[in-house]
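Reading through the structure tokens given below for one structure.
The values are calculated or read from the model by the stated rules, or taken from the named source; none is laboratory data. What you see is a predicted model; the values in this text were computed from it and never measured. Every residue, glycine as well, gets a Cβ built from its backbone with ideal geometry; the counts of neighbours run over all protein chains shown. All accessible areas refer to the heavy atoms of the entire protein, side chains included, with ligands and DNA or RNA removed. Shrake-Rupley method; radii C 1.70, N 1.55, O 1.52, S 1.80 Å.
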Amino acid sequence: MGLTIRGMEVSGLKEPIKITISTDTSPKECDRTEYNQTHITCFSKHLTYFGVLLVSADLSPKDQEIISYITFIGCGISLFALVITVLLFIANRNLRGDDSKKIHINLTVALILLNIHFLSSQAVAATSSTELCLYVAFLLHYSLLASFTWMVLEGFHLCLLLVKVFNIYIRRYLLKLSVVGWGLPAVIVSLVVIIDRNIYGRAPLIPSRPNETTICYITDNTVKMVTTVGLFSMVFLFNVSMFGVTVKWFVGSHFGKQHRHRDWKAVQREIITLLVLIVLLGLPWGLIFFALGPLPAPGLYAFCILNCLQGFFIFIYFVLYLKKSKDSAAAPSTATQNASIKT
């Protein structure tokens, strides 16, 4: 049973509407029900999904449930893969000595923080602790901004490599990147707290349904749009331009006179490199710009699948890099053995 008014959206009523259902009726799709002698009350809860960190969405209960499970499973997989990636970085000396990999690992840490606080956000919102919810909302916002900042620093580092100025010595290069990558988000969230700490707290998953699922996040939609969508817009525009320059460089390299007979394996490596760059630069997050108003269900499915698995894709990249390094190290040894046999 339900109640709708044609052409009108009803929300925020001072007095709740009560619907009495006969006790001989068994309601479906309820997570919890309460019974008494006259009626049954149905409570329905759903997990949150990644899209609400940037944009609003109005989904059917079925789509919301499916996307919620996709998000929960995808973020869980990514969180585990990201932790393994950090351990691989710590254990491998070659990775620790590469500036590019150090930038990648900072993005990895930011995504770990994002997934931890994102996955716990709804559970904390369901508790009675206002201070704990404030803490989770604050760190969820911070880790999201840190992820975006390190994505743009990935693009900046790529820019230096493409224009071949990496031979120019930049004093304390990684320290300066770290100050920007971790410091800029701290400045933004600190300003929000100074202006009004109540901007962080319990926020409805779907603004048009304030009495349903809540998460610990930004309660003011204007602040959310300015600090998240606004920052990511600049990140996205810069990184798209860097990706375009990279594609142009690869195309020129592949079709140049000196490389006309490049084998298929080399082309495959270049394609994989471009796919890795798409992930590191955070370009799948740009799906929010292809929606006019709330993101439609197909776009939200793609958004959640691609971005929930971002950490897993980074893990695959590190594994492939380590495999390539081992193969390269083994190649000279094999060549030396063959030369000895011939001698």
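Per-residue extension of 0.36 nm, minus the Cα-Cα distance of residue 278 and residue 69, leaves a gain of 72.8 nm for this segment.
With a 1.4 Å probe rolled over the protein heavy atoms of all chains, the accessible area of 62, 326, 102 falls in the order 326, 62, 102, largest first. Here the extension length gained between residue 96 and residue 248 equals 51.7 nm, from 0.36 nm per residue of separation less the Cα-Cα distance. Between rounded, prolate and oblate, where does segment 61-160 land on the alpha carbon gyration tensor, with a ≥ b ≥ c its root eigenvalues, rounded for a/c under 1.5, else prolate if a/b exceeds b/c? Cα axes put segment 61-160 in the prolate bin. For residue 99, the solvent-accessible surface with a 1.4 Å probe is about 70 Å², rounded to the nearest 10. Grab the beta carbon distance between residue 241 and residue 128, set R0 = 51 Å, and tell me the FRET efficiency rounded to 0.05. The value I calculate is 0.60.
Computed extension gain for residue 87 through residue 197, at 0.36 nm per residue and net of the alpha carbon distance, reaches 36.0 nm.
The modelled label-to-label distance between residue 319 and residue 160, using points 7 Å beyond Cα along the C-beta direction, is 3.0 nm.
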